[in-house]
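Colleague: Shown below is the structure under consideration.
The values are calculated or read from the model by the stated rules, or taken from the named source; none is laboratory data. In this text the structure is predicted, and so the values were computed from the model without any measurement. Don't worry about glycine lacking a Cβ; one is built from the backbone with ideal geometry, like all the others, and counts go over all protein chains shown. Side chains included, ligands, DNA and RNA excluded: accessible areas come from the protein's heavy atoms. Shrake-Rupley method; radii C 1.70, N 1.55, O 1.52, S 1.80 Å.
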Amino acid sequence: MTRPRSWPELLAQLRAPVALAPMAGGVGTPALAAAVTRAGGLGSLGGAYLTPQALRDAIREVRALTDGPLLVNLFAPQPVPAVTPDAMALATAELAPFHDGLHLSPPTLPERVQEDFSAQLDVVLEERPEVFSVAFGPVPPDALAALRKRGILTVGTATSLSEALSLHESGVDAITVQGSAAGGHRGGWQEDALADTLTLVREVARAIHLPVIAAGGLMTAGHVRAARAAGATLAQCGTAFLLADEAGTSAPYRQAIRDGTRDTVLTRAYSGRAARGLRTALTDALTHPLPFPHQNALTRPLRTAGAQGRQADVLSLWAGTGYRQAQATGAAQIVASLTP
């Protein structure tokens, strides 16, 4: 397939106005990304938690399955905040009963709390996915220049008009506009409007002459149609694919989605950043999380053990408000169901 040199050329290669949300942490597998692309959408990889070598392997696994377009997402680089002994004591005390319940050693921070953005970016520049996106901030100017030189289209994530304006000024090719219904982490960095998806899409599309990708609560073809009518060029869907055959959603996570009995909440309990997921015992109990990325690193052993032991109440069950409409079928069928 010919490599797109502009956003219109990329859109011309898609048969469905659907982008897979880049779900980091194991749900968004290479198989899922490839299946969405083969079905005519824009497949994606959430690479923020992957080592550089694991990121390279994941991109190459997608390339082995399809020659269609791929988006790779990372977290924008930002200073790692300091953690005081008092804050650490509070956070570990809250987690201790959950560790005891799963017979884990007491919670401690690893030496490395996040991956090196520069090393991950080097992989992106070498492997050349068609699209690169970031959350939690703008693309750094030097990274933007390097990506453009390699012919990689760039996307920023905004949760408010002010963030979208900042991204426009930074020089990205498109903007993902994330409404309040979206599952997973809030992708902004200045202020979070927590606005209705369609309202925010209309606001941004009127103010900025860049392609807009709508994200948040888009679970049906009717939702996708409404997003496009509001001014979006693509609908980014993640929760809709949680039960896809190709997704890496763990067994207890899948069961919680299927059960449909839990409300969604915005919580900082698992990572230290606001994220929407299903309510759990952990979201109720933790009131003093460490800042991101420390809390994310601190809770990782618990989440890993919970997935292995089928303990949903210690898992970060990221999901948007419309999660009860998720379909347990193949990704191609889900893309077809989302296509107006």
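Colleague: Show the residues, 5+ positions off or on another chain, whose built amide H is closer than 5 Å to the amide H of Glu246.
Modeller: When sequence neighbours closer than 5 places are left aside, the close amide H contacts are Ala331.
Colleague: Would you grab the residues whose amide H sits under 5 Å from the one on Ala21? Only those 5+ places off in sequence or on another chain, please, with H modelled 1.01 Å from N.
Modeller: Excluding prolines and chain starts, which carry no amide H, the hits are Cys237, Gly238.
Colleague: Across segment 203-213, in residue order, what do the Karplus-derived ³J(HN,Hα) couplings come to in whole Hz, using 6.51 cos²θ - 1.76 cosθ + 1.60 with θ = phi - 60° and x for Gly and Pro?
Modeller: 4, 5, 4, 6, 8, 10, 9, 10, x, 10, 9
Colleague: Tell me, what HN-Hα J-couplings in whole Hz come from the Karplus equation 6.51 cos²θ - 1.76 cosθ + 1.60 at θ = phi - 60° for each residue of segment 80-86, using x for Gly and Pro?
Modeller: Each residue of segment 80-86 in turn: 7, x, 6, 10, 7, x, 5 Hz.
Colleague: Over the chain, what is the mean sequence separation of C-alpha contacts under 8 Å (at least six apart), divided by residue count, expressed as relative contact order in percent?
Modeller: Value for the chain: 19 percent.
Colleague: So what are the three principal axis dimensions of segment 1-123 from its Cα atoms, in whole Å, longest to shortest?
Modeller: Over segment 1-123, Cα extents along the principal axes are 54, 31, 25 Å.
Colleague: Can I ask one more? For segment 200-334, take the alpha-carbon Rg, divide it by the Kirkwood Rh, and send me Rg/Rh.
Modeller: Checking Rg against Rh, the ratio lands at 1.02.
Colleague: Another one. Could you give the C-alpha radius of gyration of segment 118-161 expressed as a fraction of 2.2 N^0.38 Å, taking N as the number of residues it contains?
Modeller: Relative to the 2.2 N^0.38 Å estimate, segment 118-161 comes out at 1.13.
Colleague: So if R0 is 35 Å, what FRET efficiency would Ala119 and Ala87 give, r being the distance between their Cβ atoms, rounded to the nearest 0.05? Could you put the intermediate results ahead of the total?
Modeller: Details: r = 28 Å, r/R0 = 0.81.
Taking R0 as 35 Å, the efficiency between Ala119 and Ala87 is 0.80.
Colleague: When ligands, DNA and RNA are left out and all protein chains stay put, how many square angstrom of accessible area per residue does the chain have with a 1.4 Å probe?
Modeller: Per residue, the chain has 40 Å² of solvent-accessible surface.
Colleague: Right, next: Kirkwood hydrodynamic radius of segment 104-253 from all distinct Cα pairs, in Å?
Modeller: Result for segment 104-253, one decimal place: 16.7 Å.
Colleague: Stokes-Einstein diffusion coefficient for segment 119-205 at 37 °C in a medium of 0.692 mPa s, Rh from the Kirkwood formula over Cα pairs: what value in µm²/s?
Modeller: Values: Rh = 13.3 Å.
D = 247 µm²/s.
Colleague: Mind listing P(r) for the chain? All alpha-carbon pairs, 10 Å bins, whole percents.
Modeller: For the chain, the pair-distance distribution reads 6, 27, 37, 24, 6, 0.
Colleague: Carbon and sulfur: what percent of the chain's accessible surface (1.4 Å probe)?
Modeller: Answer for the chain: carbon and sulfur cover 51 percent of the accessible area.
Colleague: As a check on your grasp of the helix formula, calculate [θ] at 222 nm for the chain: sum -39500 (n - 2.57) over DSSP H runs of n ≥ 4, divide by the residue count, round to the nearest 500.
Modeller: -11500 deg cm²/dmol
Colleague: How big is segment 90-159 by Rg and Dmax over its Cα atoms, in Å?
Modeller: Reported Rg and Dmax, both Å: 18.6, 52.
Colleague: Do any trypsin sites (Lys or Arg not before Pro) in segment 281-340 lie in a DSSP loop with no more than 13 other beta carbon atoms within 10 Å, and if so, which?
Modeller: Within segment 281-340, the qualifying trypsin sites (Lys or Arg not before Pro) (loop, at most 13 other Cβ atoms within 10 Å) are Arg310.
Colleague: What does segment 174-213 give for Rg and for Dmax, in Å, if only its C-alpha atoms count?
Modeller: Reported Rg and Dmax, both Å: 9.8, 27.
Colleague: Considering every Cα-Cα pair within segment 200-280, what fraction, in whole percent, is farther apart than 16 Å? Walk me through the numbers before you get to the answer.
Modeller: On the way: 2033 of 3240 pairs.
Roughly 63 percent, rounded to a whole number.
Colleague: Going by amide H atoms built from the backbone, whose H comes under 5 Å of the H on Phe132, apart from near neighbours?
Modeller: Val72, Leu153, Thr154, Val155
Colleague: Now for a separate question. Karplus couplings for segment 144-151 from phi (6.51 cos²θ - 1.76 cosθ + 1.60, θ = phi - 60°), rounded to Hz, Gly and Pro as x?
Modeller: 4, 5, 5, 5, 4, 4, 8, x
Colleague: Ranked highest first by average number of other Cβ atoms within 10 Å, how do 6-15, 182-191 line up? Please report the intermediate quantities before stating the final value.
Modeller: Details: 6-15: 14.6, 182-191: 22.2.
Per-residue mean Cβ counts within 10 Å order the peptides as 182-191, 6-15.
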